[in-house]
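First up is the structure itself, then whatever we jot down about it.
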Amino acid sequence: MPDPHSFARWTAEFEAKAVARLRTGDPDWSLGATLSPAIVRSIQRFQVGESGDGANLRAKAARAGDPTYAAAVDLFVAEEQNHARLLRHLLQSAGHETIPAHWTDTAFVHLRRALGLRLELMVLSVAEVIAVPYYGALRDGTADELTTRTAALIVADEQRHIPFHTQRLHQAFVPTPAVLRPLIRAVWWAILGAAILVVLLDHAPALRELRVTRREFARTTFALFAPICATALPPRERSTAYAYRSTTCRVEPL
């Protein structure tokens, strides 16, 4: 029986995905994309968030003492960097460039680097939960073929990242006393709420063009996050076995 704590299956999945990407290749950037100014600004800001080198996360993962997990984190970071590359090509195919920085990414980076691996993964999991409905809306809400194809590739990866981080957080929180768990959950939900508020304000014009209301976006995001929080940080630890059942996180249409 496979070890429920092992990350070997994740290294295998990430490696298989990398091989599949090489075999399939990129979307045909020569088709060109047609993006409105609001969508361009929105994609530029998400592209900045995807473009980090992951050095801080990789260093913390290496210090965690599990070489298999550290290898999986390296592969995860490579996927995120590939997302940044895809978004850069999408913008360029529409005649636009990336931006060097944005305040939302700067704040996000400072927050997740503030403490250890657990906080970093808590904040990263919030980012993944935000990304899934965002890229899903970008995939389904535009008539541009290249944008649809690019967003579909990214959202498929982000859906797999959620259970990957959830598994590690579940293991990390096993020794946490029951008395502290409500406080940690409250902080985690507060981080999610703040992130949703920022997206709803900062990307409001793009979401309107994609025909997604603020209520719909928030509701979908909360629904995705609830089982993650419950699995990673249950009220009390009944079992040390990993409980997140699915390796994918499906998103219903907004």
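The table below gives the values:
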{"quantity": "So Val199, is it modelled with pLDDT of 95 or more, surrounded by 13 or more Cβ atoms within 10 Å (Cβ to Cβ) and either of a type in the set (Phe, Trp, Tyr) or under 26 Å from Arg45 (Cβ atoms) (or both)", "calculated": "no"}
{"quantity": "Selected residue (only one of Thr24, Thr11, Thr68 is among the hydroxyl-bearing types (Ser, Thr, Tyr) and over 22 Å from the mean Cα position of the chain (by Cα))", "calculated": "Thr24"}
{"quantity": "Close pairs (6 angstrom Cβ cut-off, 6 or more residues apart or separate chains): within 22 Å of Ile99 (Cβ to Cβ) in region 51-64, modelled with pLDDT under 90 anywhere", "calculated": "Asn56/Arg113"}
{"quantity": "Every pair of residues 6+ apart whose Cβ atoms lie under 9 Å, when the first sits in region 8-36 and is within 18 Å of Asn82 (Cβ to Cβ) while the second is among the aromatic types (Phe, Trp, Tyr)", "calculated": "Trp10/Tyr69; Trp10/Phe76; Trp10/Phe164; Thr11/Tyr69; Glu13/Phe164; Phe14/Phe76; Phe14/Phe164"}
{"quantity": "Qualifying position, being among the β-branched types (Val, Ile, Thr) and within 21 Å of Thr166 (Cβ to Cβ), among Val19, Val48, Val73", "calculated": "Val73"}
{"quantity": "Helices (runs of 4 or more DSSP H) contained entirely in region 7-117, each with at least 2 residues that are loosely packed, with under 13 Cβ neighbours inside 10 Å, at pLDDT below 95 and out of contact with any His (no Cβ under 9 Å at 6 or more places or on another chain)", "calculated": "8-24, 55-63, 103-112"}
{"quantity": "Pick from region 149-192, criterion free of Cβ contacts under 8 Å to residues at least 24 places away in the same chain and surrounded by 15 or more Cβ atoms within 10 Å (Cβ to Cβ), ranking: farthest from Arg88 (Cα to Cα)", "calculated": "Ala152"}
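For (1) over 27 Å from Phe76 (Cα atoms); (2) hydrophobic (A, V, I, L, M, F, W, C); (3) part of a helix (DSSP H, G or I), each residue gets a yes or a no:
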{"position": "His165", "(1), (2), (3)": "no, no, yes"}
{"position": "Gln171", "(1), (2), (3)": "no, no, yes"}
{"position": "Ala190", "(1), (2), (3)": "no, yes, yes"}
{"position": "Ala194", "(1), (2), (3)": "no, yes, yes"}
{"position": "Val198", "(1), (2), (3)": "no, yes, yes"}
{"position": "Val212", "(1), (2), (3)": "yes, yes, no"}
{"position": "Ala218", "(1), (2), (3)": "no, yes, yes"}
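The values are calculated or read from the model by the stated rules, or taken from the named source; none is laboratory data. Predicted model, so just to flag it, every value in this text is computed and none were measured. For neighbour counting, all protein chains shown are included, and Cβ atoms are generated from backbone atoms with ideal geometry for every residue, glycine included.
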